[in-house]
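Heads up, the thing below is written out as C-alpha cells.
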Amino acid sequence: MTSLTTPELEPTVGGVRVATRTVGAGRRLVLLHRFRGTLDDWDPAFVSTLAAARHEVFMFDSLGVGQSGGVTPASVEGMADFAASVIQADGNTPVDVLGWSLGGFVAQVLALKYPQVVRKVVLAGTMPAGGAPELVWSQAWLKRACAPVPTVDNVLALMYADSETSRAAGVESLGRLPHPPVAYVSPTAMVTQAEVIQRFADGDERGWYVRLKEMTAPTFVANGDQDGLFPAIDSVVLAREIPRSQLAIYPDSGHAFLFQTTTRFAEDVSRFLETR
C-alpha cells in the first residue's frame, strides 16, 4: 500500500527542510510520532479515519528523522521546541496535538512550554517524566525495539497484545504501510531517541512531572491495557496529575492500540476534540 500523499518538503526555522504530510480538512490535528517513527509509519487507516471526522491531519518528520534534515535533538524539550517552530511556521495556531509514545513526551512539554500553540492534547501510549513511585517502563522493550532491522514478528510482539485478535490486527495494520518505507531513522538518530526516552522516563529532564499540574490544555490520555513499554498505570498517573484530563484504556491491545482499535479510538478522539 502506498502513502496517502507524497510528502512535501518545506523550509522552517534555520532553513532546515522538513518532510510534512497533510490529509483532510477542518481544525488542524498535529500528530507527533513514536521512537523510530517516520511519516510512512502512521497507519493510513488511522489517519483517514481522523480526517473523515473533519480534521486536517498534519504530520511531519522531526529533526534528523526520515526525510527531514538537521540533527535529532538530545532532549524532549529540544524536540518540543522544533515541533513548536513547525506548527507556528504558517501561523495556523492554536492546534490540537496527538502525541504517541515518544511523541507523547513531546506533546506534554509542547503544551507546557508553548500553551499559546496548543488547544487540546491527546496522549497515547506514553508516560510522564519520571517523578512518581508508581511509574514503570521497560528498558528491555526499548532495547528490543532498537534491533537494526525490525522484523514482522518483533514488531508484533512489541506493539500488540499476545492474543490472536490483537496480532491479527497488527498484521492488517502492517499490511497497510508502504513496503519498504521511503525513508528510515538513521542509527545515529535512533540512539539519540533511545537516550532521550530513558532520560525523560527516569526523570532526568528538568521538572516536567511537577509541572503537569500547570497544564491548561484539556487532555485525553489513552493506552492499551497490555502496553509493554509504558504500562497502563503510567497513563493513570498522567490523568491524575493533569487537570481536566480524561482517561481511556482499551482492552486486549498493546503499544499500537491506536492502530488496532482505529475506529473506536478515532471516534473517542474526535468526540473529545469537538467537546467545548
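One residue alone among S75, S3 is at pLDDT 95 or above and among the polar types (S, T, N, Q), and that residue is S75. Taken together, A140, A74, A111 contain a single residue that is among the small types (G, A, S) and either buried (at least 18 other Cβ atoms within 10 Å of the Cβ) or closer than 19 Å to R21 by Cα (or both), which is A111. Summed over the range 50-66, the residues that are of a type outside the set (G, A, S), outside any strand (DSSP E or B) and either on the phi > 0 side of the Ramachandran plot or surrounded by fewer than 20 Cβ atoms within 10 Å (Cβ to Cβ) (or both) give a count of 1.
Looking across the range 136-183, the residues that are of a type in the set (V, I, T) and over 24 Å from V65 (Cβ atoms) come down to V136, T165, V171.
When restricted to residues that are under 14 Å from D43 (Cα atoms) and of a type in the set (A, V, I, L, M, F, W, C), the range 157-202 contains 5. For W42, the criteria (1) more than 21 Å from V155 (Cβ to Cβ); (2) within 12 Å of the chain's Cα centre (by Cα); (3) among the aromatic types (F, W, Y) hold in every case but one, which is (1).
Of all residue pairs spaced 6 or more apart or on separate chains, none has beta-carbon atoms under 7 Å together with a first member in the range 141-155 that is over 18 Å from S101 (Cα atoms) and at pLDDT 95 or above and a second member that is in a loop (DSSP other than H, G, I, E, B) and among the polar types (S, T, N, Q). Please verify whether A80 is closer than 26 Å to E274 by Cβ, without any contact (Cβ under 8 Å) to a residue 60 or more places away in the chain and of a type outside the set (F, W, Y), treating the condition exactly as stated. Judged against the criteria, A80 is a match. The single condition among (1) within 19 Å of A266 (Cβ to Cβ); (2) in contact with a Gly (Cβ under 8 Å, 6 or more places away or on another chain); (3) in a helix (DSSP H, G or I) that A189 does not meet is (1).
Is it the case that S101 is under 16 Å from R21 (Cβ atoms), in contact with a Phe, Trp or Tyr (Cβ under 8 Å, 6 or more places away or on another chain) and surrounded by 24 or more Cβ atoms within 10 Å (Cβ to Cβ)?
Taking the combined requirement at face value, the residue does not satisfy it.
Residue-by-condition table, conditions (1) out of contact with any helix residue (DSSP H, G or I) (no Cβ under 8 Å at 6 or more places or on another chain); (2) under 13 Å from P73 (Cα atoms); (3) surrounded by fewer than 17 Cβ atoms within 10 Å (Cβ to Cβ):
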{"residue": "T165", "(1), (2), (3)": "yes, no, yes"}
{"residue": "V185", "(1), (2), (3)": "no, no, no"}
{"residue": "A189", "(1), (2), (3)": "yes, yes, no"}
{"residue": "A194", "(1), (2), (3)": "no, yes, no"}
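The values are calculated or read from the model by the stated rules, or taken from the named source; none is laboratory data. Quick caveat: nothing in here was measured; it's all calculated off a predicted structure. As a convention, Cβ positions derive from the backbone with ideal geometry for all residues, glycine included, and neighbour counts pool all protein chains shown.
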